[in-house]
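Below is one structure, written out as structure tokens; the observations come after it.
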Amino acid sequence: MSSNDNAAEDYPFNPPLWLRPSLIQTALASMKFRRRGKNAMLDAAQSRVLICEDGVRLLGSYSPNPENKALVIFLHGWEGSQDSTYVVSCGRHVFDQGASVFRLNYRDHGDSHHLNEGVFYSTAFNEVFDAVKQAAELASGAPVYIVGFSLGGNFALRIARSLRDLTIHNLKHIFAISPVVDPWGAAPLVDLNPLYRRYFLKKWTRSLRKKHALYPEIYADIPHLIKKNRVLDITAEVIPRYSNFPTMESYFNAYRVDPHDLKTCPVPISIITASDDGMIPEDDIKGLDLNHNARRIIHQHGGHNGFFQSLLGPTWYDDYISHIVFTPPDGDAA
């Protein structure tokens, strides 16, 4: 498989006209109605707490499949969780076809604020990598795949970058859906759209209040810092107060994926985005220098984490991931 900027033509995505608007695609990604009905993946789910670097504890959910054709590890977006609709829906899709599933929560995501005294930062790569590596050991010899959404896509690409020096046993493919590449360019877009701004402000401030309630002496200033009505304004207050980064810009730069970072990744990568994504600039994806193992897929429509072909059926990336995971080895599959 070679790097292919025309891959969107190889795997076409043509939603009906009424389903094409970016906001509709984006909103549907998190709509809870998509989680209704029988879900064998959730029925099989086992809660796991992984002890990672420096004693950090990360909560996850492991759903072993008796067929164990593969293990798919899911990384959610910022202020999402293992129970985010897009994770649960895609996880069910691959589980029903025979894959085991591991859904990871980052620190302070899901019901895990009590597990660590320190607050979550997107720069916390080592603990996420450690957790993914531990999750991969549950595969029992089956091929391993990573699927990351938004910030999870950023983590997935940083994992890909790290494979120059580190290894994850039997990892066959990395999928980055609507990935954050340059946080400094993407973050302001959240505040520009009132719907995005309200969504993330509500979820982040609620998370920070939980942290304050659990550790009031450490996070005494939180109630004051979260009074701002813009995500970037809160970030500018919280980062220098509770992290090792003196400025918001230095923080964003610390988890940026640079253009040449993926050039030597030995594992196949699929980077999936949409031209109409309101949070991820298309040029950030186009600027990545990829090797023959990578595929860059940029659809005209799809929004952020959307890519709905119909209201109730599987998303485009559900089908694409399934094709890679479950097609017999022929150069494009595991």
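All of the numbers you see were taken from the coordinates with simple rules; none came from a lab. Note that this is a predicted model, so its numbers are computed, not measured. Neighbour counts are summed over all protein chains in view; Cβ atoms, including those assigned to glycine, are modelled from backbone coordinates with ideal geometry.
Cross-linked pairs K202/K227; K32/K210; K133/K263; K32/K133; K202/K228: Cα-Cα separations exceed 19 Å for K32/K210; K133/K263; K32/K133.
In the range 14-96, the C-alpha radius of gyration followed by the widest Cα-Cα span (Dmax) gives 15.3, 50 angstrom. The stretch between Q97 and D111 holds 2.2 nm of extra length on full extension. This uses 0.36 nm per residue minus the Cα-Cα distance. For the chain, the Kirkwood estimate of hydrodynamic radius, built from reciprocal distances between every pair of different alpha carbons, is 20.0 Å. Evaluating 6.51 cos²θ - 1.76 cosθ + 1.60 at θ = phi - 60° for every residue in the range 19-36, the Karplus couplings come out as 9, 7, x, 4, 5, 5, 4, 5, 5, 5, 4, 10, 5, 6, 4, 5, 8, 5 Hz, glycine and proline recorded as x. Taken one residue at a time, the phi angles of the range 128-134 give Karplus couplings (6.51, -1.76, 1.60, θ = phi - 60°) of 5, 4, 4, 5, 5, 4, 5 Hz. Gly and Pro are set to x. Normalised by the number of residues in the range 183-255, the mean separation of alpha-carbon contacts (under 8 Å, six or more apart) gives a relative contact order of 32 percent. Note on the chain: helix-only mean residue ellipticity at 222 nm, from DSSP H runs of 4+ residues weighted -39500 (n - 2.57) and normalised by residue number, equals -10000 deg cm²/dmol.
A cut-off under 13 angstrom between Cβ atoms defines the neighbours of R197, and their net charge, with Lys, Arg +1 and Asp, Glu -1, is +2. Normalised by 2.2 N^0.38 Å, with N the number of residues, the alpha-carbon radius of gyration of the range 60-151 equals 1.05. Within the listed set S140, S122, S150, the Gaussian network model of the chain (springs between alpha-carbon atoms below 10 Å) gives the highest mean-square fluctuation for S140. The calculated Kirkwood hydrodynamic radius for the range 183-255 is 12.8 Å, given to one decimal from all distinct C-alpha pairs.
Taking the chain as a Gaussian network of alpha-carbon nodes connected by springs under 10 Å, the highest mean-square fluctuation of the residues D191, D283, D261 belongs to D283. Measuring nothing but how far apart in sequence close Cα pairs (under 8 Å, 6+ apart) lie, relative to its length, the chain scores a relative contact order of 23 percent.
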